[in-house]
Amino acid sequence: MKGLRFKHWFTGASIGVGLFVLIAATPVNSFFEVTKQLDIFTTLYRELNTYYVDTLNPEKLIQSGIYEMCSSLDPYTDYIPEDNIQEYRQQTTGRYGGIGSLIGTRNDFVIITDPYEGFPAAKSGLRPGDKILEIDGKSMRKSNSDDVSKHLRGKAGTSLMLKIARLQSDGTEKEMPITLVREEIKIKNVPYSGMLDENIGYIRLNGFTERAGTEVRNAMIALISKNKAKGIVFDLRGNPGGLLNEAINVASCFIDKGTPIVSTKGKIIDQNKEYITLNDPVDTKIPMVILADGGSASAAEIVTGSMQDLDRAVVVGQRTFGKGLVQSTHSLPYNAKLKITTAKYYIPSGRCIQAINYAEKKEDGSVQKKADSLKVAFKTKGGRIVYDGVGIDPDVKTEEEKISQIAIALYVQSVFFDYAQKYRTAHEAIPSAKNFSLTDAEYLDFVKYVSEKKDFKYSTSSEKLLEELKATAEKEKTFDAFKSDYEQMKQKLEHDKKQDLMKEKKVLKEMLEQEIASHYYLNTGRIEATVKTDPEVLKSIELLKDKAKLQELLQVKK
């Protein structure tokens, strides 16, 4: 399954300056309406506070009004109270103090799911599946992930003691103490880069927090100088974006210094800016394929769109998300922040790829994406036709991978994870993730494991439709008339887990191999095991090796 899917916050003016701009830019009749509505609001709250039968919680009540006001504008304008500032900073910097691991809940305990390479959890030997029993002597039984996370996080340099339970090969659990020292955790924007074969390099970029440009630059230098890469696959699938300046820094790796990448236009003149590349490129000639999909948004779309507009790379995948809005942050009293949409951005061809006009909502408050028929044509640097308004359309469109119901159920119910943990206890080592594969006998053992799991349940699409039909018939009191037909159809649809596991063997085996590889080699192992069979990565390699085809895609069609 593809990777997981921030927005950029500019440093904004203080609330005092923001209010002055609002008043200066507001017509007199609108200013009267603002004053009127604020007067109504304060009077209304005073009446509620005085006469409502129960005691009010002013913070909760007023914040709910603030949140609703912001969300009525667009999904990105948001109020950030002081309590959430730390989380907001982590989203923009990718930094926090802790042990460096994802965690999840299983039964009555929280478990380690993904230790980050090079940080305390991994360095201390914690493994995926380890059950957290205690932290500094306090029981974590029946604690949720948020509670455990608060205990694991803290100031860098401080120590903590965990008591964990680790699954053994005989099915029992062994309790053991683990001492860790918290560090400043910087989540990598580039979780992996490496060679796909002897000629093609690969970079995966998951976000645009601080140093994203530096991480991409270092990866490019290593691939080209050290590994002699002759082509690059740049993977931006599922990348939700982040800092605008980091989008510029990433683009700087591939484009000549001084090249315009994006411009912003807003209601306030200070928001009208043009951003150009400020650093010397690593390489402007090496052939590139950018992978993008519906989860590629914001800063990821700036990089994807600018590389397409400048005819620097071929885009492969599906249409991107379509977020062409810029947010800036403004300070509020009591250490709160307002993140507000202040501008739209435009990539080098002049197009804005914002898919939804939030200013034109229907009476019921709903919004719609811009219709394809309303798209406006623009031209790339070399004269190719591209369109605005609905995200970035790929140069080579691929079909989104369809995942079967059983694959989804195995993933969501953590069956892959549980079997990988069992496999890890029985095998001290495996080959490298690139070379690891399960034998047919090992896959049959997985089939047996799943077939014997009494708590594993899933339904096919046909079964779901049949149950919906039954529910509707019962509601309309017509079910008795075809109850026997329903029972016969249900029996026909009853599926044998073992049969479905064999029918979907290719995909399920690949997903299981990826999970097992991550239990030995963490995220690097998961990515290496994934890209070797990823259809879009394989398509990109094929394109990069076909120079004539690649050049044809970057030329104007006659």
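The numbers here are math on the coordinates, done by the rules we state, and not lab data. Treat the numbers as computed from the prediction; the structure is a model and nothing was measured. Using ideal geometry, Cβ is built from the backbone for each residue, glycine included, and neighbour counts are taken over all protein chains shown.
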**Orientation-averaged projected area, Cα convex hull of the chain (nm²)** = 33.9 nm²
**Asked** How big is the gap, in Å, between the Cα center of segment 62-109 and the Cα center of segment 371-447?
**Response** 27 Å
**Request:** Calculate one ³J(HN,Hα) per residue across segment 79-87 by plugging θ = phi - 60° into the Karplus curve 6.51 cos²θ - 1.76 cosθ + 1.60, and present them in order as whole Hz with x for glycine and proline.
**Result:** 9, 10, x, 4, 4, 9, 5, 4, 5
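Taking 25 Å as R0, compute the FRET efficiency from the Cβ-Cβ separation of residue 44 and residue 360 and round it to 0.05.
Efficiency computed from Cβ-Cβ geometry: 0.30.
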**Item:** Residue-by-residue Karplus 3J(HN,Hα) for segment 309-326, coefficients 6.51, -1.76, 1.60, Hz, glycine and proline x
**Value:** 4, 8, 6, 8, 8, 8, 9, 10, x, 10, 4, 6, 4, x, 10, x, 10, 10
**Request:** Give me 73, 512 ranked fewest to most by other Cβ atoms within 10 Å of their Cβ, as a rough exposure proxy.
**Result:** 73, 512
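Nearest 5 is fine: what % of DSSP beta bridges in the chain come out antiparallel, could you say? Could you put the intermediate results ahead of the total?
Values: 53 of 73 bridges.
Approximately 75 percent, going by the DSSP bridge assignments.
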**Asked** What are the lysines whose alpha-carbon lies under 16 Å from the alpha-carbon of residue 434, with same-chain residues fewer than 8 places away excluded?
**Response** 509, 532
**Prompt:** Sorted by average packing, counted as other Cβ atoms within 10 angstrom per residue and highest first, what order do 383-393, 345-355, 271-281, 470-480 take?
**Reply:** 345-355, 383-393, 271-281, 470-480
**Asked** When the Cα centres of segment 251-295 and segment 127-173 are compared, how far apart do they sit, in Å?
**Response** 43 Å
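So how do 86-92, 108-114, 43-49, 282-288 stack up, highest first, on mean other-Cβ count within 10 Å?
Working: 86-92: 14.9, 108-114: 19.6, 43-49: 11.4, 282-288: 16.4.
The densest-packed peptide leads the list: 108-114, 282-288, 86-92, 43-49.
Dipole of the chain, Cα-centred, from +1 at each Lys and Arg C-beta and -1 at each Asp and Glu C-beta, to the nearest 20 debye?
On the way: 81 positive and 77 negative charges, 243 e Å.
Dipole of the chain, to the nearest 20 debye: 1160 debye.
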**aspartates and glutamates with Cα under 15 Å of residue 344, excluding same-chain neighbours fewer than 8 positions away** = 74, 270, 274, 301, 388
**Fill in**
CD proxy, 222 nm, the chain: helix-only mean residue ellipticity via -39,500 (n - 2.57) per DSSP H run with n ≥ 4, per residue, nearest 500, stands at -11500 deg cm²/dmol
**Request:** Show the residues, 5+ positions off or on another chain, whose built amide H is closer than 5 Å to the amide H of residue 106.
**Result:** 111
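Gain in length, residue 524 to residue 432, computed as 0.36 nm per residue apart minus the alpha-carbon separation, to one decimal in nm? Intermediate values should be presented prior to the final figure.
On the way: separation 92, 0.36 × 92 = 33.12 nm, distance 1.04 nm.
Using 0.36 nm per residue and subtracting the Cα-Cα distance, I get 32.1 nm.
Under 10 Å from the Cβ of residue 279, count the other residues' Cβ atoms, weight Lys and Arg +1, Asp and Glu -1, and hand me the total.
On the way: positive: 217, 257; negative: 280.
Within the 10 Å Cβ shell, the charges total +1.
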**Request:** Please report, in whole Å, how far the alpha carbons of segment 95-186 spread along each principal axis, starting with the longest.
**Result:** 37, 24, 20
**Karplus-derived HN-Hα couplings along segment 343-350 (A = 6.51, B = -1.76, C = 1.60, θ = phi - 60°), whole Hz, x at Gly and Pro** = 7, 10, 10, 10, 8, x, 6, x
**Asked** How about residue 490: which aspartates and glutamates have a C-alpha closer than 19 Å to its C-alpha, ignoring those fewer than 8 places off in the same chain?
**Response** 463, 467, 468, 474, 480, 500
**Prompt:** What FRET efficiency would be calculated for the residue pair residue 484, residue 399, taking the C-beta separation as r and a Förster radius of 60 Å, to the nearest 0.05?
**Reply:** 0.90
**Asked** With charges set only on the Cβ (+1 for Lys and Arg, -1 for Asp and Glu), what does the dipole of segment 95-186 come to about its Cα centre, in debye to the nearest 20?
**Response** 200 debye
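Too long at a 30 Å Cα-Cα cut-off: which of 150/339; 402/453; 230/397; 131/448; 123/285; 323/379? Mind showing how you got there, number by number?
Numbers: 150/339 25 Å; 402/453 25 Å; 230/397 23 Å; 131/448 25 Å; 123/285 40 Å; 323/379 20 Å.
Cα-Cα > 30 Å for 123/285; rest within.
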**Item:** Cβ-based net charge around residue 473, under 10 Å, with every Lys or Arg adding one and every Asp or Glu removing one
**Value:** 0
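Based on the mean of other beta carbon atoms within 10 Å per residue, what is the order of 289-295, 412-418, most packed first? Mind dumping the intermediate values first?
Values: 289-295: 25.0, 412-418: 18.3.
The most tightly packed comes first, giving 289-295, 412-418.
Considering every Cα-Cα pair within segment 192-400, what fraction, in whole percent, is farther apart than 24 Å? Walk me through the numbers on the way to the answer.
Values: 8880 of 21736 pairs.
Above the 24 Å cut-off, segment 192-400 has 41 percent of its Cα pairs.
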